[in-house]
1. Of all residues in segment 144-155 being in contact with a Leu (Cβ under 7 Å, 6 or more places away or on another chain) and buried (at least 24 other Cβ atoms within 10 Å of the Cβ), which is modelled with the highest pLDDT?
2. Has segment 156-165 got at least one residue that is touching a Leu at 6+ places or on another chain (Cβ under 6 Å), surrounded by fewer than 24 Cβ atoms within 10 Å (Cβ to Cβ) and outside any loop (DSSP other than H, G, I, E, B)?
3. Could you check segment 338-347 and list, in sequence order, the residues that are at pLDDT 80 or above, part of a helix (DSSP H, G or I) and open to solvent by 10 Å² or more (accessible area, probe 1.4 Å)?
4. Among the residues of segment 74-89, are any hydroxyl-bearing (Ser, Thr, Tyr), surrounded by fewer than 19 Cβ atoms within 10 Å (Cβ to Cβ), assigned to a helix (DSSP H, G or I) and out of contact with any Lys or Arg (no Cβ under 6 Å at 6 or more places or on another chain)?
5. List pairs: first residue in segment 309-320 and more than 15 Å from ALA385 (Cα to Cα), second residue open to solvent by 50 Å² or more (accessible area, probe 1.4 Å) and of a type in the set (Phe, Trp, Tyr) anywhere in the structure, Cβ distance under 7 angstrom, at least six positions apart or on different chains.
6. Out of all the residues in segment 117-141, which are outside any helix (DSSP H, G or I) and buried (at least 24 other Cβ atoms within 10 Å of the Cβ)?
7. Take GLY364 and tell me if it is assigned to a helix (DSSP H, G or I), modelled with pLDDT of 90 or more and farther than 21 Å from ARG154 by Cα.
8. Looking at segment 142-155, which of its residues are assigned to a loop (DSSP other than H, G, I, E, B) and touching a Phe, Trp or Tyr at 6+ places or on another chain (Cβ under 9 Å)?
Amino acid sequence: MYHDENGGQSGPPAALADVGPTSVPAPQPILTRPMILLLITSIGSLGSFYLLMPVVPLLAAAGGAGGVGAGLATGAMMLGTVLMEFAVPALLGRYGYRAVMALGLFLLGAPAIALTASQSLPLVLGVCLVRGAGLGIVVVAGAALIAELVPAERRGEGLGLYGVAVGVPSIACLPLGLWLNANIGHRPVLVTGAALSLLALAAVHGLPGRSARVEPHGSVLGALRIDGLAGPAVVFAAVTLAAGVLLTFLPLALSASDHLAATALLAQSCATPLARWFAGRYADRHGSTRLLVPAVLFAALGTAALIWVDEPLAVIAGMGLFGIGFGVAQNVTLAVMFERVREADFGRVSALWNLAYDGGMGVGAVGFGLVAGPVGYPMGFALTAVVLCAALAPAWRDQRRNSGLIEATPPTRTAPLVA
């Protein structure tokens, strides 16, 4: 039996329930109109975020604050994101997806225009804090809405498609923002970044309004007490910790070869959304938990390969392997967590997962910064790989837990999925 945080019991997930006589129902579509509109809003909002992500810290540094100001700008952005993620489930329960998503898009886009007038550090930090709050709304509401829009038997594939939609902007907009800033100046880039998010407001009208299935109860961290959520959350936090290390410090470790750093990051950026989509397709047919251990293994092997940071092939292959593990971990941990809760808790699960994402990346970057000085980059990457290997234990326990649950459940005659 599954247990909620209050000690109540509920039946097994829908994937384990008896569905009656053998039959082959018509496959339910994924790309419905609300789903397409949600993907549009996700591409616009994440395009705005990634386009300005490398540009705003440069503006803070150029305004006289130097490297400290650049770091504070990114820190303010992530602080706003994390703080807002705690509040999003309650906002969804009270105001619904349409109004909350519109608020997130506005907060993410409009404040960027203020930086066209001044790049003073207080203004930059204020803008980053507000834009971070908008980002926190968009990512939590988006993931929760995906879980509602997609049929449960195809949820993994739906999450994979959503992963591609939020991954493509990182591939295109990160380098584009830097190129535009260097060639045409920061003002057109800021206006473009604001416009991407604000134009996505046109798609919000077609999203669902208030959901009757999302209830404004319980805290986000309180969701950890729900049976079966802590394990995948810890595993995902470990993988994102490594992501924070690699995305922050690999360019510094390869400072003598900017071309190699760009190629390695491109390999990771391309592998992650593709792996996230593949993991969703696989999980819908064979189950999500069996991919937890392979995800951590790929991420650990990729990180360990960076010990040979002077070997271009090892660096590119390592980042590609890590990208695969990172993408698979993103999909399966979120899918498993959605499977283990009531629909009323989708908002809290989405917020908890995003907190593991942002918190893990922040802790990884700060912790590695303290370690890399005394021991050097190769040894630092080796220690990061050790942390990932330690995450194999909770991943294995969670996989065994799920296998035991399936064996204890009477066999069912579930209709096969049609591709």
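1. LEU145
2. Yes, the conditions are met somewhere in segment 156-165.
3. Matches in segment 338-347: GLU339 only.
4. Looking through segment 74-89, none of the residues is hydroxyl-bearing (Ser, Thr, Tyr), surrounded by fewer than 19 Cβ atoms within 10 Å (Cβ to Cβ), assigned to a helix (DSSP H, G or I) and out of contact with any Lys or Arg (no Cβ under 6 Å at 6 or more places or on another chain).
5. Hits for this filter: zero, empty list.
6. If the condition is that a residue be outside any helix (DSSP H, G or I) and buried (at least 24 other Cβ atoms within 10 Å of the Cβ), then no residue fits.
7. Spelling it out, it is not the case that GLY364 is assigned to a helix (DSSP H, G or I), modelled with pLDDT of 90 or more and farther than 21 Å from ARG154 by Cα.
8. The one that is assigned to a loop (DSSP other than H, G, I, E, B) and touching a Phe, Trp or Tyr at 6+ places or on another chain (Cβ under 9 Å): VAL150.
The values are calculated or read from the model by the stated rules, or taken from the named source; none is laboratory data. Model, not experiment: these values are computed from the prediction. Reconstructed Cβ throughout: ideal geometry from the backbone, glycine too, with neighbour counts over all protein chains shown. Accessible surface is based on the protein model in full, side chains and every heavy atom, while ligands, DNA and RNA are left aside. Shrake-Rupley method; radii C 1.70, N 1.55, O 1.52, S 1.80 Å.
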